[in-house]
Ligand code: SAM
C-alpha cells in the first residue's frame, strides 16, 4: 500500500541505523496497512489534532498524517529524530511536530496549545500502563483528550475490558470503565512487529464519559479498590480492614454482603463504597 511518497520503513530503519532497543520498548510496525487500520480505529477526520507517544521510525505517524491529522509526537529516542524530520518535510509545515523527550514528563496541555486531542499510540510496553493511568486520572474531567486509541500487550488490554468474575478484572478495569467507554478493536500477531514481541498485542479504544455514571471522588475510589484488590480472593469484611472504618458497617451501608469478594463487585458497587469514605 502506498499511503504517501515516502520510502519503505525498512529502508528508513536501515539508513538511520534504528536497530530496535529493548530498553525503550521498541517493537516497530512496518506494515502501513496495519498502521492505517489503527488510524481508522481512531476515526481520524481531516484536521483532527492527534497526540502520539513514541513515533519511532514513523509508521503510525505516517498513517495518521495520511488520514489528515495534525500530529504532535513525543519521542524519547534521539536516533529517530532525523527520520521523523523527513516525514515532517513531506507535509505542509505544522502538520507534524516532533518533541524530543520522555512522555512521562511532558505537560500535554502545554505542547498541544490547550487544544483537545485524540491520543493514538503503539505504546512502549515499559511505560504504557503508567501513561494510561495518568490519562485516566486527568483532572479536570472530561479530560484534555477526546479519545485514546492504544496498542498494548493483550494482557493489559484484557484488564481494561474485563468484567466482574473474569480473571483479568482488576483495579485498572474499574478505573477505565468508571470514566470511559472501553472497546476492544483488534489483536495483532507478534509477527506484525520488528522485532516480534513475546506476546500478542491488542488495540483498544477509550472514549471519556462526560461524567462517570456512578459518581464518587477518584482518590476514594482508588483507596477502596487498592484495599479490595490487594487481597482479591479474600472476603471484603477482611480485605477492607485497612480503610480506617469497620468493614462490616461500611459494607452494610453500601448494601454489599460482607462475604462478597473484590472480583464480584461491579463499578457501581465500588463507587457506592467510595462515596461512603470520609
Ligand atoms: N510508533 C512506532 C511504531 O508503531 O512502529 C514505534 C512504537 S514502539 C512500541 C515504542 C516507541 O516509544 C519507540 O519509538 C520508543 O523509542 C518510544 N519511547 C519509549 N519510551 C518512551 C517515553 N518514555 N517517552 C516517549 N517515547 C518513548
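Here, each number is a calculation from the coordinates, and none is a lab measurement. This is a predicted model, so every value here is computed, not measured. In this analysis, Cβ positions are derived from the backbone assuming ideal geometry, glycine residues included, and neighbour counts consider all displayed protein chains.
Each part gets one Cα centre, and for segment 71-124 versus segment 1-41 those centres are 15 Å apart. Comparing 93, 55, 124 in a Gaussian network model of the chain where C-alpha atoms under 10 Å apart are linked, the largest mean-square fluctuation is found at 93. Using 0.36 nm per residue and subtracting the Cα-Cα separation, the extra length available between residue 259 and residue 217 on full extension is 12.6 nm. Top mean-square fluctuation among 88, 39, 19, Gaussian network model of the chain, C-alpha springs under 10 Å? So, out of 88, 39, 19, the one fluctuating most is 19. Note on residue 165 and residue 110: their simple-model spin labels are 4.9 nm apart, each label 7 Å out from Cα toward Cβ.
Divide by every residue of the chain the summed helix terms, -39500 (n - 2.57) for each DSSP H run of at least 4, and state the resulting mean residue ellipticity at 222 nm, rounded to the nearest 500 deg cm²/dmol.
Working: 12 runs with 98 residues, N = 278.
That calculation yields -9500 deg cm²/dmol at 222 nm.
What FRET efficiency, computed as 1/(1 + (r/R0)^6) with R0 = 35 Å and r the Cβ-Cβ distance, is obtained for residue 79 and residue 181, rounded to the nearest 0.05? Before the final figure, lay out each step's value.
On the way: r = 37 Å, r/R0 = 1.07.
Computed FRET efficiency for residue 79 and residue 181 comes out at 0.40.
Across segment 66-129, counting alpha-carbon atoms alone, Rg and Dmax equal 12.1, 34 Å.
Rounded, prolate or oblate: pick one for segment 218-276, where a ≥ b ≥ c are the square roots of the eigenvalues of its C-alpha gyration tensor, a/c under 1.5 means rounded, and failing that, prolate if a/b is larger than b/c, else oblate. Rounded, because the longest to shortest axis ratio a/c is under 1.5. A simple spin-label model places the labels of residue 3 and residue 137 3.2 nm from each other, with each point 7 Å out along Cα-to-Cβ. Derived value for the chain: Kirkwood hydrodynamic radius 20.0 Å. Basis is the mean of 1/r over every pair of different alpha-carbon atoms.
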